[in-house]
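Working notes for the structure below.
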Amino acid sequence: MTKRASACAGALFFGVNMLDQSPSLVRNDWTKEEIEGLFDLPFTDLLFNAARVHREHFDPTEIEAAQLLSIKTGGCPEDCGYCSQSSKFDTGLKADKLMATETVLADAAKAKANGATRFCMGAAWRSPKNRDMDALVAMIRGVKDLGLETCMTLGMLTDEQASALAEAGLDFYNHNIDTSEEHYSNVITTRTFADRLDTLESVRQAGMNVCCGGIMGLGEARADRISFVHTLATLPSHPGSVPINALVPIEGTPLSMAEPVEPIELVRVIAVCRITMPESVVRLSAGREGMSEEAQALAFLAGANSIFVGDALLTTPNPEPRSDAALFAKLGLRPAASSVSKV
Ligand code: SAM
Ligand code: DTB
Ligand code: SF4
């Protein structure tokens, strides 16, 4: 047997030849064992397969550009152990009220001028108050009128709130499961994993696209990463967007000293998401500031096809637009058109 033939034999698991050329099917019945098998593949085989699946469903030279804005910063009653905005930890962040709609729209117009196609508005809330809904609806309408896709992340929603946001035209609702069900209570105690799944169901029922992913580097083990991907890949329908964040460590939070996720492991997570959720847009989200160009290139090869652009995420910095432009030029990547019609 040649060396390559033996590598191919190694890529056989559960009767599936991971190196074959048959088109990837969208499946919601992934088992944890299958997902573990993907994580365990030799890195080159995993990347080869992820790249193959990627180009079956997307143009691999296109990357979606989304821009974030914190429309309500700080003072959050939740205790997410990674977050700068929790009132439970002394992170030195000043709490603000909900931003005026005109300020949000001015920021969205700048994002559009800088090439973003999606505008994601985030609020440091456990859930929105009904008194805020009119302002949120005005923001959605105004941002859509600028020709941008809209996304909001506001915490837990009731069915009524989800319907009101959908009626206003909100394209995506971001609500992350963050980590595995098993590790969840080590990170957050003020809500449960099941609460998260309930809001995702309300968002789906209201007819909005789901944006759901998580954070690597929260002290989780490989088994938690397997379980995290398993939850996403076995949802009733795969999230249209899957943001994979690397923890941005925040001084004053319980997870400020957590072991950072290794770049190769982050790329593995992205590749496994790409293979198990072939039609989802996978976003290399927070944490690019600390990543090398080479690691980001591997993430794009593994199937990441979205990033956050602009100088800032919500409360922390993001790579400068000109360094992203230089990276895109080096890699021959270009910004993707709006994806709303594809999901
Ligand atoms: N409060 C809402 C909620 O938690 O759903 C929305 C805003 S919250 C900041 C949105 C997401 O940002 C979190 O679910 C988490 O995945 C991500 N995030 C927050 N802080 C982070 C950090 N320090 N590093 C990486 N991702 C982070
Ligand atoms: C997501 O998964 N990542 C974004 C967005 N959804 C809302 C937030 C990243 C926040 C990073 C830390 C900060 O800037 O505060
Ligand atoms: Fe609040 Fe969201 Fe931060 Fe958790 S992640 S503390 S819910 S803003």
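The values are calculated or read from the model by the stated rules, or taken from the named source; none is laboratory data. Since this is a predicted model, take the numbers as computed values, not measurements. Here the Cβ positions follow ideal geometry from the backbone for every residue, glycine too, while neighbour counts run over all protein chains shown. Side chains included, ligands, DNA and RNA excluded: accessible areas come from the protein's heavy atoms. Shrake-Rupley method; radii C 1.70, N 1.55, O 1.52, S 1.80 Å.
So that you can scan it fast, the table gives a plain yes or no per residue for (1) under 11 Å from residue 50 (Cβ atoms); (2) in contact (Cβ under 8 Å) with a residue 24 or more places away in the chain:
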residue	(1), (2)
252	no, yes
257	no, no
264	no, yes
267	yes, yes
273	yes, yes
276	yes, yes
282	yes, yes
285	no, yes
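Taking the condition of being basic (Lys, Arg) and in a helix (DSSP H, G or I), how many residues in the range 39-93 meet it? Adding up the residues that qualify gives 2. Taking into account only those residues within the range 304-316 that are of a type outside the set (Phe, Trp, Tyr) and under 13 Å from the mean Cα position of the chain (by Cα), which is surrounded by the fewest Cβ atoms within 10 Å (Cβ to Cβ)? Here the answer is 313. Looking only at residues of the range 311-337 that are hydroxyl-bearing (Ser, Thr, Tyr) and within 16 Å of ligand 1 (Cβ to nearest atom), we find that the one that is nearest to residue 124 (Cα to Cα) is 315. Hey, among the residues in the range 283-296 that are farther than 18 Å from residue 218 by Cα and open to solvent by 30 Å² or more (accessible area, probe 1.4 Å), which one's nearest to ligand 1 (Cβ to nearest atom)? It comes out as 292. Tally time: how many residues in the range 70-101 are open to solvent by 20 Å² or more (accessible area, probe 1.4 Å) and either touching a residue at least 40 places away in the same chain (Cβ under 8 Å) or within 12 Å of ligand 3 (Cβ to nearest atom) (or both)? Summing the residues that are open to solvent by 20 Å² or more (accessible area, probe 1.4 Å) and either touching a residue at least 40 places away in the same chain (Cβ under 8 Å) or within 12 Å of ligand 3 (Cβ to nearest atom) (or both) in the range 70-101 gives 16.
The residues in the range 170-182 that are away from ligand 2 (no atom under 12 Å from the Cβ) and open to solvent by 20 Å² or more (accessible area, probe 1.4 Å) can be counted, and the count is 3. Of the residues making up the range 251-267, just one is of a type in the set (Gly, Ala, Ser), in contact with a Pro (Cβ under 8 Å, 6 or more places away or on another chain) and surrounded by fewer than 18 Cβ atoms within 10 Å (Cβ to Cβ), namely 256. State yes or no: is residue 187 over 15 Å from the mean Cα position of the chain (by Cα) and either open to solvent by 30 Å² or more (accessible area, probe 1.4 Å) or among the aliphatic types (A, V, I, L, M) (or both)? In short, yes. Looking across the range 211-239, the residues that are within 14 Å of the chain's Cα centre (by Cα) and either open to solvent by less than 10 Å² (accessible area, probe 1.4 Å) or aromatic (Phe, Trp, Tyr) (or both) come down to 211, 212, 213, 214, 216, 228, 229, 232, 233, 239.
Of all residues in the range 102-152, those that are open to solvent by 40 Å² or more (accessible area, probe 1.4 Å), assigned to a helix (DSSP H, G or I) and either under 17 Å from residue 168 (Cβ atoms) or away from ligand 2 (no atom under 16 Å from the Cβ) (or both) total 15. Condition check for residue 199 on (1) assigned to a loop (DSSP other than H, G, I, E, B); (2) of a type in the set (Ser, Thr, Tyr); (3) free of Cβ contacts under 8 Å to residues at least 60 places away in the same chain: one failure, at (1). Residues that are closer than 22 Å to residue 324 by Cβ and more than 15 Å from ligand 2 (Cβ to nearest atom) are absent from the range 38-46.
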